[in-house]
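Just so you know, all these numbers are worked out from the coordinates, no wet-lab data involved. What you see is a predicted model, and the numbers here were worked out from it, not measured in a lab. No Cβ is skipped: glycine too gets one built from the backbone with ideal geometry, and neighbour counts run over all protein chains shown.
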Amino acid sequence: MQTLKVVVTDYWFDKIKSGKKKHEYRRFSNYWLKRLTFVSVDLSAIDFRRFRPFEFIEFQRAYRKNPERMTFKIKRIGLLITGMHTDLKCEDPVFDIEFSERVK
């Protein structure tokens, strides 16, 4: 059971902690493509139905000594064509990581 670890700012950490934010969005990039999918040398052969089997997502409050952390169960990981209706407000594709109840 793999855990996806991400670092977020204080603002977003507090939104997640309060339950107001249930989706984590990450702009489509080679970095996130490699972290979330099984990437082959040929990027055109990527199967977006086969994301890595992450079961949990762990949020860390910023980069600091002994940061607060929270872990949630992942409901699903998907790809959105545009991020205009997300908190990223960008026209680029975005990964949508939907999470549910807090487990730690």
Legend entry - Under 12 Å between alpha carbons - lysine pairs in the chain that sit 8 or more apart or on different chains: 4
Legend entry - Student exercise, the chain dipole from Lys, Arg, Asp, Glu Cβ charges, in Debye to nearest 20: 440 debye
Inset, instruction - Within the set of other residues whose C-beta is less than 9 Å from the C-beta of H23, count the net charge using Lys and Arg as +1 and Asp and Glu as -1. - result: -2
Legend entry - Length-normalised contact order for segment 2-102 - Cα pairs under 8 Å, 6+ apart - percent: 33 percent
